[in-house]
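Scroll down for the structure; my scribbles are underneath it.
Values quoted throughout were computed directly from the atomic coordinates according to the rules given, and no laboratory measurement underlies them. This one's a predicted model, so the numbers in the text were calculated from it and none came from an experiment. All Cβ positions, even for glycine, are placed from backbone atoms using ideal geometry, and neighbour counts span all protein chains on display.
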Amino acid sequence: MARLSLRGIRKRFKAVEVLHGIDLDVKDRELIVFVGPSGCGKSTLLRLIAGLDPITEGEFLLNDQRMNDVAPSRRGIAMVFQSYALYPHMNVYENMAFGARLMGLDKAEVEARIAEAARMLRLEALMERRPRELSGGQRQRVAIGRALVRKPQLLLLDEPLSNLDAALRSDVRLEIARLHREIGGTTIYVTHDQVEAMTLADRIVVMNGGRIEQFGSPRELYETPSNVFVANFIGSPR
Ligand code: ADP
Ligand code: MG
């Protein structure tokens, strides 16, 4: 179960504030998409949730528990980065096992989890390959698999399609939607692409300049945008 609350979250780098008070409540099992132009603070917010960077001001709660000072490895959160660096000298199996071993799981449990993730991501035939022997889409699936073997209650995906060509994007996008349902956890998906947001999300967070402009279902944003920015961002086809 993963219910998520952000209360007045601010982030400053030195004197520069890049998040200006973010309030958000996400329900268990929702697929939430953060969307907004480049530089608006999407990745920064994700990194705060994952615990990779400290929150300057405000509170982050997961299932009503304050997480601000909880170590990243104890949050039950896994993040897939925009540049999904796999370990080049390890094969697919070893890449997926690495994070799970760090959690202190025994070998049999790691094997079982990898088998399950490989099935979900259709990676069974590729387990012996090195990253350089994989296509971009396959590498991205391994990066997602590496996150899944940790069985996160909250999965964070930062622009997971950005390194894929157009043909693969829709495949991997559908895969992520299917995985989200199959895992039964909560997913936060970051993109700057409004089409991706509209097709994937239960609810969308529209960000701009370190603030949330609107939070609602794709239909709500489309039919009743709260301002001109949201209307333009959601309404304008690519
Ligand atoms: P997005 O992911 O929406 O493109 P980011 O969260 O990466 O945006 O960046 C938001 C703002 O914060 C940008 O102005 C960026 O330059 C700034 N920023 C991000 N990380 C740092 C950092 N480590 N130090 C200073 N400024 C940063
Ligand atoms: Mg980013």
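Taken over the range 6-58, the criterion of being more than 9 Å from ligand 1 (Cβ to nearest atom), within 21 Å of I183 (Cα to Cα) and touching a strand residue (DSSP E or B) at 6+ places or on another chain (Cβ under 7 Å) is satisfied by D25, V26, D28, R29, E30, L31, I32, V33, I49, A50.
Looking at (1) in a loop (DSSP other than H, G, I, E, B); (2) within 16 Å of ligand 2 (Cβ to nearest atom), which one does L19 not meet, given that it meets all the others? (1) is the only condition that L19 fails. In this structure, is A108 of a type in the set (A, V, I, L, M, F, W, C), within 24 Å of L164 (Cβ to Cβ) and surrounded by fewer than 18 Cβ atoms within 10 Å (Cβ to Cβ)? Criteria not met by A108. If the condition is being within 16 Å of ligand 2 (Cβ to nearest atom) and either surrounded by fewer than 19 Cβ atoms within 10 Å (Cβ to Cβ) or within 21 Å of V142 (Cβ to Cβ) (or both), then the range 48-85 contributes A50, L52, D53, M79, V80, F81, Q82, S83, Y84, A85. Yes or no: L134 hydrophobic (A, V, I, L, M, F, W, C), surrounded by 15 or more Cβ atoms within 10 Å (Cβ to Cβ) and within 16 Å of ligand 1 (Cβ to nearest atom)? For L134, the condition - hydrophobic (A, V, I, L, M, F, W, C), surrounded by 15 or more Cβ atoms within 10 Å (Cβ to Cβ) and within 16 Å of ligand 1 (Cβ to nearest atom) - is not met. For F13, state whether it is exposed (fewer than 15 other Cβ atoms within 10 Å of the Cβ) and among the aromatic types (F, W, Y). In short, yes.
Do the conditions hold for V26, that is, is it surrounded by 22 or more Cβ atoms within 10 Å (Cβ to Cβ), more than 13 Å from ligand 2 (Cβ to nearest atom) and under 20 Å from A197 (Cα atoms)? It is true that V26 is surrounded by 22 or more Cβ atoms within 10 Å (Cβ to Cβ), more than 13 Å from ligand 2 (Cβ to nearest atom) and under 20 Å from A197 (Cα atoms). Of the candidates M96, M120, M127, the single residue that is touching a residue at least 60 places away in the same chain (Cβ under 8 Å), under 25 Å from R181 (Cβ atoms) and either among the small types (G, A, S) or surrounded by 12 or more Cβ atoms within 10 Å (Cβ to Cβ) (or both) is M120.
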